[in-house]
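Below: one structure, written as structure tokens.
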Amino acid sequence: MIYTVTFNPALDYIVRVEQFNVGEVNRAAYSEIMAGGKGVNVSLVLKNLGHESTALGFAAGFTGEKLVRDLKDKGCRTNFIFLEQGMTRINVKIKGQEETEINGEGPEITPMAIRAMMIKLERLREGDILILSGSIPKTLPEDIYEKVIVRQQGKNVRIVVDATKNLLKETLEYHPFLIKPNHHELGELFGVTISNPEEALSYAEKLQQMGAVNVLVSMAGEGAVLLDEYGNKHMSPAPEGRLVNSVGAGDSMVAGFIAGYLETKDYEQAFRMGIAAGSASAFSEFLATREETMEVLEKTFK
Ligand SMILES: Nc1ncnc2c1ncn2[C@@H]1O[C@H](COP(=O)(O)OP(=O)(O)OP(=O)(O)O)[C@@H](O)[C@H]1O
Ligand SMILES: O=P(O)(O)OC[C@@]1(O)O[C@H](CO)[C@@H](O)[C@@H]1O
């Protein structure tokens with residue numbers, strides 16, 4: 001079974017304006033509210049690709065209720081902990097000439113709620129996949145992912161981490177099966193700017209030396225690279241298409257990679273499926289479907 005954990009999920013409020021003018025009243029030409037947060041998106045895309053997962057996380061208030069309802073309506077299994085105080089954040093994604101995002105803070109997660117999550121995760125068994133994705137509310141310590149992972153040691157559970165800075169770094173010594181920084185996040189870890197796939201691969205090697213098993217680096221419209229567990233280097237430019245909504249492209253890539261890996265046990269195929277799902281999401285208003293993913297896959301890797 002695949003489990004995703006989103007400590008700080010959201011409702012994403014996607015709003016399009018003809019022209020976004022800072023400091024003025026802008027009128028929406030289109031808007032949509034959808035379930036969001038990185039692990040939540042991974043679960044949604046896995047579902048679209050035909051792989052069941054259970055989305056776990058923390059939710060609160062009416063926004064939290066809407067989030068969980070939306071996930072259920074889309075056929076996702078959910079197992080959220082409801083917090084008594086606060087509300088699930090609303091993240092604003094403004095689509096004007098450029099994409100601007102304002103991500104909310106999220107509710108405070110109590111020690112009792114953390115304990116409840118740890119108990120839920122005790123059910124994981126050999127062969128399961130645990131995907132930890134996204135930021136954490138700032139009241140939580142930066143080693144919280146590490147604390148989750150430590151409790152899975154010795155169970156042969158494969159761990160995937162999509163996080164930034166220390167939240168990611170602290171997990172490396174536990175050998176996560178997959179990490180997926182984008183090239184900005186990778187650069188930030190080492191205090192450098194990464195501007196091409198070769199540089200991305202050389203810093204991916206450092207993360208592998210620090211413990212990661214497979215390192216997938218996404219570079220938005222510039223493509224992606226993968227350094228796999230055998231030291232093989234995979235590189236691909238991004239598929240061509242019109243960018244419509246890049247929110248969740250990285251999460252779709254994680255879902256695509258895992259789906260591809262489970263279906264083929266082949267890293268090049270997993271890499272391709274990851275790229276295809278990421279780009280299919282970027283080319284569409286909503287998260288990628290299997291049909292859209294396969295279409296991009298076939299066109300790009302003929
Ligand atoms: N403009 C684009 N054109 C084509 N493909 C894209 C574009 N943007 C994203 N993608 C696809 O999605 C993948 C992941 O994108 P990106 O590097 O933006 O992830 P991310 O920064 O983690 O995204 P997010 O945080 O929004 O989920 C890319 O490797 C690529 O396959
Ligand atoms: O604040 P975080 O947790 O880093 O990112 C949250 C978020 O931007 O990530 C998803 C896209 O990847 C969105 O659905 C969501 O709003």
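The numbers here are math on the coordinates, done by the rules we state, and not lab data. Keep in mind that this is a model prediction, so the values were computed, not measured. When we count neighbours, we look across all protein chains shown, and the Cβ atoms used for this are built from the backbone with ideal geometry, even at glycine.
What is segment 35-97 by shape, rounded, prolate or oblate, if you read a ≥ b ≥ c off the alpha carbon gyration tensor as root eigenvalues and call it rounded for a/c under 1.5, prolate for a/b larger than b/c, and oblate otherwise?
Numbers: a/c = 2.25, a/b = 1.09, b/c = 2.07.
Oblate is the answer for segment 35-97, as a/c is 1.5 or above yet b/c matches or exceeds a/b.
Quick check on the chain: take the gyration tensor over C-alpha atoms, sort the square-rooted eigenvalues as a ≥ b ≥ c, and tell me if it's rounded (a/c under 1.5), prolate or oblate.
Values: a/c = 1.39, a/b = 1.03, b/c = 1.35.
Cα axes put the chain in the rounded bin.
List, in the order given, every pair from K47/K233; K38/K147; K120/K180; K38/K66; K38/K120; K147/K169 whose Cα-Cα distance in the structure shown is over 21 Å. Don't jump to the answer; show the numbers that get you there.
Working: K47/K233 29 Å; K38/K147 19 Å; K120/K180 25 Å; K38/K66 17 Å; K38/K120 19 Å; K147/K169 13 Å.
Going by Cα-Cα distance, K47/K233; K120/K180 fall outside the 21 Å limit.
Going by C-beta contacts inside 10 Å, put R158, R69 in order with the fewest on the left. Numbers along the way, then the final one.
Working: R158 19, R69 12.
Fewest-to-most ranking of R158, R69: R69, R158.
In deg cm²/dmol, rounded to 500, what helix-only [θ] at 222 nm does the chain give when every DSSP H run of at least 4 residues adds -39500 (n - 2.57) and the total is split over its residues? Can you show the working numbers first?
On the way: 10 runs with 112 residues, N = 302.
-11500 deg cm²/dmol, from helical runs alone.
What does the C-alpha gyration tensor say about the overall shape of segment 44-172? Classify as rounded when a/c is under 1.5, otherwise prolate if a/b is larger than b/c, or oblate. Numbers along the way, then the final one.
Values: a/c = 1.39, a/b = 1.28, b/c = 1.08.
Judged from the Cα gyration tensor, segment 44-172 comes out rounded (a/c under 1.5).
In what order do Y30, Y13, Y145, Y261 fall by count of nearby beta-carbon atoms within 10 Å, going from fewest to most? Please list the in-between numbers first.
Values: Y30 10, Y13 18, Y145 26, Y261 21.
Starting with the residue having the fewest Cβ neighbours, the order is Y30, Y13, Y261, Y145.
Residues of segment 79-120 with amide nitrogen under 18 Å from the 7 Å Cα-to-Cβ point of N26?
Answer for this model: 90-104.
What net charge is computed for the residues neighbouring F286, neighbours being all others with C-beta under 10 Å from the C-beta of F286, Lys and Arg scored +1, Asp and Glu -1? Mind dumping the intermediate values first?
Numbers: positive: none; negative: E32, E285, E292.
Counting the neighbours of F286, the net charge comes to -3.
If you take every DSSP beta bridge whose two residues both sit in segment 169-302, what share of them, in percent to the nearest 5, is antiparallel? Present the calculation step by step, with values, prior to reporting the outcome.
Numbers: 8 of 11 bridges.
Bridges in segment 169-302 are about 75 percent antiparallel.
Determine the sum of side-chain charges near E188: Lys and Arg each +1, Asp and Glu each -1, restricted to other residues whose C-beta is under 11 angstrom from that of E188.
Working: positive: K165, K169; negative: E185.
Counting the neighbours of E188, the net charge comes to +1.
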